[in-house]
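Working notes for the structure below.
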Amino acid sequence: MLIAMTGVSGSMGSEALAQVMEQEGVRTRVLLTPRKGNDKLEKELVKQYGARIEILRGQVYDKKTCEKLVSGADMLVNMAAVIPPRSDKDPKASYLCNYKGAVCLADAAANAAVQPKFIHISTVAVYGNRTLEHPWGRPGDPLLPAVYDHYALHKMMAERYVMERGLKNFAVLRQSAMLYEGIIFKNIHDGLLFHTTLNGPLEWVSARDSGYLIRRIAERELAGGNETFWNGVYDIAGGPQNRCTGYDTFADGFSLMGGSPKKYFKPCHCETRNFHGLWFADGALEEMFGYQRDTVKGFWEEIGKKYKFFKAAKLVPSALIRLFLFRRLLGDGNAPAKWIKEGDEGRVIAAFGGMEEALSLPRDWEDFAVADAAQWGGREARPLENCKDKLLSHGYDESKRPSEWTIEDMRAAAAFRGGACLSEKMGATPYEKLQWSCSEGHVFSASPYTVLKGGHWCPACLSEGWNFDALAQKSPFYAQVWYDSHARGENMRYWFDEEGNARFEEVAKERA
Ligand SMILES: [Zn+2]
């Protein structure tokens, strides 16, 4: 079996490559970008795997490169990503890699003499912000990418393209918050750290388990196939032991240095909304492939033992770490504290609701109630049974399988999204496109699967920037979760101008 892969220089990709190569009967063809840093990796991979690996150098958004990559491949795994904070600073790189790359790969796969089965790695970021009001998420939930988050938006556009490309076999896997070896070192250089909401739900999965999942899928293919797996959208969940909050994550990570969030910064330094992260109600991938082995607790223990840095850091007084590390971070251009100081109103409204809201946040930990994930059901082993009444509605009879969907189901789902299904009848499969209209009057096509199981809706609305305040007013589908962290009276539209500046405007309210 020949597996083509992108993103193997990244955290998940390197794990996936190493683990599928443990499998007999697997050869790989991997795409490395031309950057010099990959020269060493290329040599190492050739040395390690010899003739079992073929290395292509090129860009994932280059048509010819993608055609070479997929030619003769049985499976294609797209793990290439430009993630925050780089995507925040270099939106063009995010667009090219996260969106254009997926387009080129899907086109190449669709046009190949023999279509490879295409696994596209997407992200939990497409779901947008969650609070403990609705911590549980699953495929089919509304996609509400955080305001000004290029990464989430480009990934959302990418997975839609993959789902709509008419491939014979695709799978979209939404990666959760991922634990990897360099996680602390990578995240103490950028204000991005403070985008995390303290009491927001997070579910972690390790890069190692994510790589193991890809290996398990490959194994199953070799053994004869994954009939029930293909043509689906899934979440790469981490499991009950890995569900926590933003605060818990900081507390776990910082404890390696002998510190805690309370020692390093103030509650008012973190965003109160506009982040992403949730607890996964569906365990479909775990049921199929049994890949969840690592726990958050075990992960931090392992990291603490492995790096002498943390032992040394424990000897440094917390006050010094606060002064030299976190105070510097608070002044970074990507830190909410910096936006407040500089009066970057659009970002402050997106992150807090407004300047007044941001300035009235507790500066003292004594005035801040830290939520306990366990109390909110986060540690429960079988969430789907336990949280049924807390799930978001998808606006149609979910007891039906996709093959049983009727045009009436489509009409009900469309109305719940504030729009309409314009088609008169269903296609031969739920993957055949229908015509729809959104609440703003745009007409678009999408397959029932993309809408009902993907959670996607109108692409024209997306192209107008982040307009979810207006859309939620007409869409009960969005409203059920949007108003957990937005006031009903808000009416903002956020976008980037041609120079890449974050812009916003208050849209005049429509009076009934
Ligand atoms: Zn629209």
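The values are calculated or read from the model by the stated rules, or taken from the named source; none is laboratory data. Quick caveat, the model's predicted, so the values are computed rather than measured. In this analysis, Cβ positions are derived from the backbone assuming ideal geometry, glycine residues included, and neighbour counts consider all displayed protein chains.
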If we keep only residues of segment 430-459 that are within 12 Å of the ligand (Cβ to nearest atom) and under 21 Å from the mean Cα position of the chain (by Cα), then the residue surrounded by the fewest Cβ atoms within 10 Å (Cβ to Cβ) is PRO459
When restricted to LYS262, LYS338, the only residue under 24 Å from ALA350 (Cα atoms) and modelled with pLDDT of 95 or more is LYS338
- Task: Taking ALA80 as the residue in question, decide whether it is under 17 Å from the mean Cα position of the chain (by Cα) and either in contact (Cβ under 8 Å) with a residue 12 or more places away in the chain or crowded, with 24+ Cβ neighbours inside 10 Å (or both).
- Result: yes
Scanning segment 83-111 for residues that are buried (at least 19 other Cβ atoms within 10 Å of the Cβ) and touching a Lys or Arg at 6+ places or on another chain (Cβ under 6 Å) gives ASN98, CYS104, ALA106
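What tally of residues in segment 1-48 results from selecting those that are among the small types (Gly, Ala, Ser), assigned to a helix (DSSP H, G or I) and surrounded by fewer than 14 Cβ atoms within 10 Å (Cβ to Cβ)?
First, the residues of segment 1-48 that are among the small types (Gly, Ala, Ser): 4, 7, 9-11, 13-14, 16, 18, 25, 37.
Keeping just the survivors that are assigned to a helix (DSSP H, G or I) gives 11, 13-14, 16, 18, 37.
Cutting the leftovers down to surrounded by fewer than 14 Cβ atoms within 10 Å (Cβ to Cβ) gives us 37.
Going through segment 1-48 one residue at a time, the tally reaches 1.
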Counting only helices (runs of 4 or more DSSP H) entirely within segment 287-402, those with at least 2 residues that are acidic (Asp, Glu) and over 16 Å from PRO267 (Cα atoms) are 296-306
Scanning segment 339-353 for residues that are under 25 Å from the mean Cα position of the chain (by Cα) and touching a residue at least 24 places away in the same chain (Cβ under 8 Å), the one nearest to LEU193 (Cα to Cα) turns out to be ALA351
Cβ pairs under 8 Å, 6+ apart or interchain, first in segment 445-471 and not assigned by TED's automatic domain parsing to the domain that holds TYR95 and polar (S, T, N, Q), second in a helix (DSSP H, G or I) and near the ligand (Cβ under 9 Å from one of its atoms), ordered by first then second residue, are ASN467/CYS461
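Looking only at segment 114-134, count how many residues are touching a Ser or Thr at 6+ places or on another chain (Cβ under 6 Å) and aliphatic (A, V, I, L, M). It would help to see each step written out before you state the result.
Restricting attention to segment 114-134, the residues satisfying the condition of being touching a Ser or Thr at 6+ places or on another chain (Cβ under 6 Å) are 124, 129, 131.
When the remaining residues are screened for being aliphatic (A, V, I, L, M), the result is 124.
Of the residues in that region, 1 qualify.
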Could you tell me whether GLY500 is outside the structural domain of MET156 (by TED's automatic domain parsing), at positive phi and buried (at least 17 other Cβ atoms within 10 Å of the Cβ)? no
Flagged pairs (Cβ under 8 angstrom, 6 or more apart or on separate chains; first in segment 137-156, closer than 13 Å to TYR478 by Cα and of a type in the set (A, V, I, L, M, F, W, C); second at pLDDT 95 or above and in a loop (DSSP other than H, G, I, E, B)) are LEU143/GLY128; LEU143/GLY454; LEU143/GLY455; LEU143/HIS456; LEU143/TRP457; LEU144/GLY128; LEU144/ASN129
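For segment 156-172, state whether one or more residues are among the hydroxyl-bearing types (Ser, Thr, Tyr) and either farther than 28 Å from LEU2 by Cα or touching a Cys at 6+ places or on another chain (Cβ under 8 Å) (or both). Lay out the reasoning, then the answer.
Looking only at segment 156-172, we keep the residues that are among the hydroxyl-bearing types (Ser, Thr, Tyr), and these are 161.
Subset that is either farther than 28 Å from LEU2 by Cα or touching a Cys at 6+ places or on another chain (Cβ under 8 Å) (or both): none.
Taking every residue of segment 156-172 in turn, none turns out to be among the hydroxyl-bearing types (Ser, Thr, Tyr) and either farther than 28 Å from LEU2 by Cα or touching a Cys at 6+ places or on another chain (Cβ under 8 Å) (or both).
Can you work out which of the residues in segment 393-415 that are buried (at least 18 other Cβ atoms within 10 Å of the Cβ) and either on the phi < 0 side of the Ramachandran plot or of a type in the set (A, V, I, L, M) (or both) is nearest to the ligand (Cβ to nearest atom)? Spell out how you get there, then give the answer.
First pass over segment 393-415, keeping only residues buried (at least 18 other Cβ atoms within 10 Å of the Cβ): 394-396, 405, 409-410, 413-414.
If we keep only those that are either on the phi < 0 side of the Ramachandran plot or of a type in the set (A, V, I, L, M) (or both) as well, we get 394, 396, 405, 409-410, 413-414.
Details: HIS394: 19, TYR396: 20, TRP405: 22, ASP409: 21, MET410: 17, ALA413: 15, ALA414: 12 Å.
That would be ALA414.
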Of (1) under 19 Å from the mean Cα position of the chain (by Cα); (2) farther than 20 Å from ALA373 by Cβ, LEU179 fails just (2)
**Request:** Please tell me if ARG347 is of a type in the set (D, E, K, R), within 24 Å of ARG86 (Cα to Cα) and surrounded by 18 or more Cβ atoms within 10 Å (Cβ to Cβ).
**Result:** yes
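Among the residues of segment 191-227, which ones are of a type in the set (Asp, Glu) and within 18 Å of PHE280 (Cα to Cα)?
Step one: filter segment 191-227 for residues of a type in the set (Asp, Glu), giving 203, 209, 219, 221, 227.
Residues satisfying the conditions are GLU203, ASP209.
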Per the filter on segment 460-494, residues surrounded by 17 or more Cβ atoms within 10 Å (Cβ to Cβ), within 14 Å of the ligand (Cβ to nearest atom) and of a type in the set (Gly, Ala, Ser) are GLY465, ALA470, ALA472, SER475
Counting only residues in segment 417-429 that are out of contact with any helix residue (DSSP H, G or I) (no Cβ under 8 Å at 6 or more places or on another chain) and within 24 Å of ALA472 (Cα to Cα), the one surrounded by the most Cβ atoms within 10 Å (Cβ to Cβ) is identified as GLY419
